[in-house]
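**Student:** Mind looking over this structure? Questions follow.
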Amino acid sequence: MRAILLLLAGDFYVQSPNFKSKLLKRSVMIKLYLVILFIEILHPSFGKIKNGYEDRIESSRISLQNLNMYLRGDSGLSSTEKSLLKVKIKVLVDHISYYELTDEFIRQFKIVAPIMFTELDNIKDKKGRNTDVFIRLVPETHSRTPMVAATFFQRMLQDDDASFSSYGPFSVSVDIIIVENALELLSHELGHISYIVPNLAEYSKFYNLKYRNSITDKTMGHSPGDASGRYSHIFERRFIEERKNYFRNGGKKPMSLFPLLVQIKRNTKNPQNDYPLLFALND
């Protein structure tokens with residue numbers, strides 16, 4: 001609160017012939033400082049590994065329920081209107097299904113590699129602030145990049161040590177295409193994140209200098225001297241060891257993601273049905 005009062009007081013302490021011009025500049029600067037301050041105040045005291053689909057999941061479920069009721073009711077819809085309604089329902093079913101699949105996938109990673117999960121579930125930036133890691137399993141047609149897995153982040157304009165993603169301040173996001181080795185890919189991306197988040201300012205300078213043509217650079221994240229690439233391979237090896245320990249202690253082989261997604265979609269369309277947990281044995 002003292003910082004806010006001092007900044008506001010400074011807003012009116014202007015002694016210059018160009019009163020209006022400097023007052024405007026100072027006002028803009030103060031607004032910027034206040035944004036930083038409010039972000040610090042509102043920033044949660046803990047970060048978490050989170051489902052990247054969670055922000056719209058409840059509204060999607062309500063919308064799906066309402067549209068299904070409307071479609072089944074005696075609404076006098078034309079064939080064209082019914083077709084449009086079915087398209088909307090499919091979009092909602094897909095969104096909910098990818099949320100459920102990602103949720104099971106995160107749960108699986110937590111059980112198979114609990115040490116690594118806990119470490120990234122509590123990752124902090126250079127200033128000791130927790131950072132959320134948002135994860136999505138996506139079909140290849142929805143991928144934002146040509147890669148099977150990718151991490152998205154950028155520096156906040158007001159704070160070189162704070163990471164920002166499409167999910168807001170103090171966050172990074174990971175997209176992984178639905179493939180059989182998705183767990184290994186996640187461990188790889190978490191390795192990148194484990195280095196980047198606490199070294200964001202320094203790494204951003206390296207990244208911008210090294211990967212100027214990042215769209216076509218196939219070595220992006222793995223060029224000589226890229227510490228995040230080195231960490232990604234370390235985390236892959238760590239995951240292999242944790243997985244060995246998981247099976248050594250009686251862990252079961254998880255169901256393939258593809259048939260699981262089919263069952264989840266079937267359950268989403270018909271909520272009275274149930275689908276097996278990800279740890280169901282393959283028959």
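Rule-based calculations on the coordinates, nothing more; no lab input. What you see is a predicted model, and the numbers here were worked out from it, not measured in a lab. Here the Cβ is made from the backbone with ideal geometry for all residues, glycine too, and neighbour counts use every protein chain on show.
**Student:** Cα-Cα over 28 Å: which of LYS127/LYS253; LYS48/LYS205; LYS50/LYS86; LYS50/LYS82?
**Tutor:** Numbers: LYS127/LYS253 40 Å; LYS48/LYS205 26 Å; LYS50/LYS86 30 Å; LYS50/LYS82 35 Å.
Over 28 Å apart, Cα to Cα: LYS127/LYS253; LYS50/LYS86; LYS50/LYS82.
**Student:** Please list, by residue number, every one of the chymotrypsin sites (Phe, Trp or Tyr not before Pro) in segment 46-75 that is coil in DSSP and has at most 13 other beta-carbon atoms within 10 Å.
**Tutor:** Those that pass, being in a loop and sparsely packed, are PHE46.
**Student:** Towards the positive end of the charge dipole of segment 111-248, with charges on Cβ (+1 Lys, Arg; -1 Asp, Glu), say which of VAL148, TYR231, PHE164 has the farthest Cα.
**Tutor:** Among VAL148, TYR231, PHE164, the one farthest towards the positive end of the dipole of segment 111-248 is TYR231.
**Student:** Another question about this same structure. What is the antiparallel percent of DSSP beta bridges lying wholly in segment 111-248, to the nearest 5?
**Tutor:** Values: 10 of 17 bridges.
Percentage antiparallel, nearest 5: 60.
**Student:** Same structure, new question: With θ set to phi - 60° and the Karplus curve 6.51 cos²θ - 1.76 cosθ + 1.60, what are the ³J(HN,Hα) couplings of segment 194-208 in order, to the nearest whole Hz, using x for Gly and Pro?
**Tutor:** After applying 6.51 cos²θ - 1.76 cosθ + 1.60, I find 4, 8, 5, 4, x, 10, 4, 4, 5, 5, 4, 5, 4, 4, 5 Hz.
**Student:** Trypsin sites (Lys or Arg not before Pro) within segment 95-128: which are DSSP loop residues with at most 13 other Cβ atoms inside 10 Å? Let's see the in-between values first.
**Tutor:** Values: sites: ARG107, LYS110, LYS124, LYS126, LYS127; in loops: LYS126, LYS127.
For trypsin sites (Lys or Arg not before Pro) across segment 95-128 that sit outside H, G, I, E and B with at most 13 neighbouring Cβ atoms in 10 Å, the list reads LYS127.
**Student:** Over segment 63-136, what is the relative contact order in percent, taking alpha-carbon pairs closer than 8 angstrom and at least six residues apart? Don't skip to the answer; put the middle values down first.
**Tutor:** Numbers: 27 pairs, mean separation 17.0, N = 74.
In percent, rounded to a whole number, it is 23.
**Student:** Mean separation of Cα pairs under 8 Å and 6+ residues apart, divided by the residue count of segment 111-248: what relative contact order is that in percent? Provide the component values of the computation, followed by the final result.
**Tutor:** Details: 200 pairs, mean separation 36.9, N = 138.
So the answer I get is 27 percent.
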